[in-house]
Amino acid sequence: MRKVFKEVVSVEEARKILLEHYRVEKNIEEVELLNSNGRILAEDIHSPISLPPFDRAVMDGYAVKAEDTFSADESNPVKLRVKGRISAGEWSELEVEKGEAVEVATGAVLPKGANAVVMVEYTRERNGVVEVFKPVTPGENVLFAGGDVMAGEILLRKGKRITRREIAILSACGIGKVRVFKKPRVAVISTGNELAEIGEKLERAKIYDVNSYALCSAIEECGGEAIRIGIVRDDEKEIRSAILKALEIADIILTSGSTSAGFGDIMYRILSEFNPGILVHGIAVKPGKPTIIALHGKKLVFGLPGYPTSAMTIFELLVAPIIREISGLRGEGRRLNAKLAMKVFSEPGRRELLPVNLVSTENGYRAYPVSGSYSGMVSSIHATDGFIEIPEDTLMLEEGEEVEVKLFGEIKPADLVFIGSHCLGVDLILDLMPEFETKIINAGSTAGILAVKRREADIAGIHLLSEDGVYNETFLRYYGIRDAILVKGYLREQGLIIRKGNPKNISGFQDLLREEVRFVNRNKGSGTRVLTDIYLQELAKKLGLSFEELKGRIKGYEIEAKTHDAIAFAVASGRADVGVGIKSVAKIHDLDFIPLKAEEYDFLIPKERLKKDSVRRFIEILKSEEFAEKLNSFEGLKVYERTGEMIKI
């Protein structure tokens, strides 16, 4: 008597049964950087160094004190004594004093005392004196230490797929080995007397094997390692032998064909011999009903239908998610059109390749230019989705203008787009919602507010203090935000982060004016930068100085870090003596902390986005006891009575 299906179940029931008996295990291995292409990172990677590791000239020219050039023009050039020359790769102890200049090559170390480089095109040197025909501003044609990547900054996050972009940034930071998720080994067997190998002459009643090739390709796309066993005839002994061989060398085995009632008795009998054996035989799906799921020890065996469409459908429904999860792959969709999120200026006479980040909106993609990109900045390669080409005769592209983005790799629309200020608390929330793919653009509070206004962000993290002492709400009125909800977040303590033991005896912002004190700043538009400038403006007023004059006296004011972690690492590594950041990060890095203010870190959400599953889940976690316990475990961060409160804007 022929064996009929054991019990036809739904896809959901099949998944449930499968996961009740099979536990997905992720294994980790360390591989050489050159062997990491296509692999998935199993841990966050922090940069061990800053890029560049020294203040660096980005043009051929003369390193100067910018203040010496302010009066220069074509008819009245400024004359400076040339003190020496520095080539790329050469270390020099030369120091530029007032009235002096040092010739530098592109990539050369910026000499002490210099804060700008005059391009060689705007100079003329005679008898040891250089004439400067165009003024420069502080920081012009200079990439300061850490201006590309700050030591301690998260380069790549766990779950990131490694491509040439990631390899570029890792090699630039001297990282030669990475820990990645181990690829599951998946063996593929095609059964059927009618099958012929590709390359053979096709005889009557024969067809070429499709499934093993298609399935092997799909396995590789999902992050697995495919092992093609090949074709096996409809013979019980041959099929059993092939499966036993596959069990020795693979973690998962896929067979196709011989699963339906009748001839399916062969596959059914073989897989019934395993321990615990068959879990499912028959799924209520079209195509793909005669699917078998079996387990032998910790190894899965899927008996897929013989028809290619059926086999691939079931693979996508049941097998692919398991392979992706084991391999750490979250999913990945080479050109697309997008609208610029902001106005872009370009230099005439050359074609510019502008790196951009893409955000999916209801009206298509929006492209965020990656700011501050010198050609030598490796982060312009790895931390972007692609680039746009700006023609040689184009001076400006308008906000909202449609552009074509050439992708660096596959992109997947995020379930949640978070734009705004960086915070450890946000990372904690996202860690508690791994089922959602999140895109984070740490662009600062102001950029987050504008992104919500344009409906490009689902959530913006903001902490802007106005002159009236109110956090966030004053700025929302100023920027004309409508139809949005301000969700009160949590409190975090901002202050001066200093080295353990306070070796420079720093007590407040006035100490930033001391010659021996080096400061590291946050990026423009961030709430921390706004807070810093408020304190510095108060100090300038007290000292009777202009704000611009005060800033010019602070060594390192122009050096920007994109995250609080980067601030802390700059101080811990000795690259800076002090920076403004949150207490929790200072304590993580075992640094001292001088408190300034307990600020309100809140979340701005477009009203209509409250319906999104990812946004609802974000708010749910924010208000949960689990999050409160995790957040409160970090010194300087805590929920309070207003956490989760919603204010209509």
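On the stretch given as region 52-88, residues that are outside any strand (DSSP E or B) and under 36 Å from the mean Cα position of the chain (by Cα) total 10. All conditions but one from (1) at negative phi; (2) not assigned by TED's automatic domain parsing to the domain that holds residue 322 apply to residue 213; the one that does not is (2). Restricting to region 455-473, count the residues that are crowded, with 19+ Cβ neighbours inside 10 Å and more than 16 Å from residue 531 (Cα to Cα). Residues in region 455-473 being crowded, with 19+ Cβ neighbours inside 10 Å and more than 16 Å from residue 531 (Cα to Cα): 5 in total. Evaluated against (1) of a type outside the set (Gly, Ala, Ser); (2) more than 30 Å from residue 222 (Cα to Cα); (3) loosely packed, with under 15 Cβ neighbours inside 10 Å, residue 143 falls short on exactly one condition, (3).
Is it the case that some residue within region 195-205 is in contact with an Asp or Glu (Cβ under 6 Å, 6 or more places away or on another chain) and either outside any helix (DSSP H, G or I) or polar (S, T, N, Q) (or both)? Yes: region 195-205 contains one or more residues that are in contact with an Asp or Glu (Cβ under 6 Å, 6 or more places away or on another chain) and either outside any helix (DSSP H, G or I) or polar (S, T, N, Q) (or both).
Of the residues 168, 172, 145, 196, the single one that is over 16 Å from the mean Cα position of the chain (by Cα), small (Gly, Ala, Ser) and at pLDDT 90 or above is 172.
Residue 430 passes every criterion in (1) within 16 Å of the chain's Cα centre (by Cα); (2) not assigned by TED's automatic domain parsing to the domain that holds residue 628 apart from (2). In region 461-567, counting only helices (runs of 4 or more DSSP H) that sit wholly within it, none holds 1 or more residues that are at pLDDT below 95 and assigned by TED's automatic domain parsing to the domain that holds residue 139. Counting just the residues of region 622-642 that are over 15 Å from residue 493 (Cβ atoms) and aliphatic (A, V, I, L, M), which one comes out surrounded by the fewest Cβ atoms within 10 Å (Cβ to Cβ)? My answer is 628.
Taking region 7-31 as the range and being in contact with a Gly (Cβ under 7 Å, 6 or more places away or on another chain) and loosely packed, with under 12 Cβ neighbours inside 10 Å as the test, only 7 passes. Can you tell me which residue within region 175-193, out of those that are surrounded by 15 or more Cβ atoms within 10 Å (Cβ to Cβ) and farther than 18 Å from residue 254 by Cα, is farthest from the chain's Cα centre (by Cα)? By that ranking, first place goes to 182. Within region 228-252, the only residue that satisfies the criterion of being surrounded by fewer than 17 Cβ atoms within 10 Å (Cβ to Cβ), under 38 Å from the mean Cα position of the chain (by Cα) and either part of a strand (DSSP E or B) or of a type in the set (Ser, Thr, Tyr) (or both) is 228. The set of residues in region 589-637 being β-branched (Val, Ile, Thr) and either in a helix (DSSP H, G or I) or in contact with a Pro (Cβ under 9 Å, 6 or more places away or on another chain) (or both) consists of 615, 619, 621.
Once region 1-36 is narrowed to residues that are of a type in the set (Lys, Arg), more than 26 Å from the chain's Cα centre (by Cα) and outside any helix (DSSP H, G or I), the residue that is modelled with the lowest pLDDT is 2. Every condition in (1) buried (at least 19 other Cβ atoms within 10 Å of the Cβ); (2) more than 23 Å from residue 424 (Cα to Cα); (3) not charged (D, E, K, R) is met by residue 479 except one, and the failing one is (1).
For region 206-227, the tally of residues that are crowded, with 16+ Cβ neighbours inside 10 Å and either small (Gly, Ala, Ser) or outside any loop (DSSP other than H, G, I, E, B) (or both) stands at 13. Close Cβ contacts (under 8 Å, 6 or more residues apart or on different chains) running from residues in region 601-622 that are hydroxyl-bearing (Ser, Thr, Tyr) to residues that are in a strand (DSSP E or B) comprise 601/461; 601/462; 601/489; 601/490; 601/491; 601/492; 614/416; 614/438.
The values are calculated or read from the model by the stated rules, or taken from the named source; none is laboratory data. Because the structure is predicted, anything quoted here is derived from the model rather than measured. With ideal geometry, Cβ positions are generated from the backbone for all residues, glycine too; neighbour counts draw on all protein chains shown.
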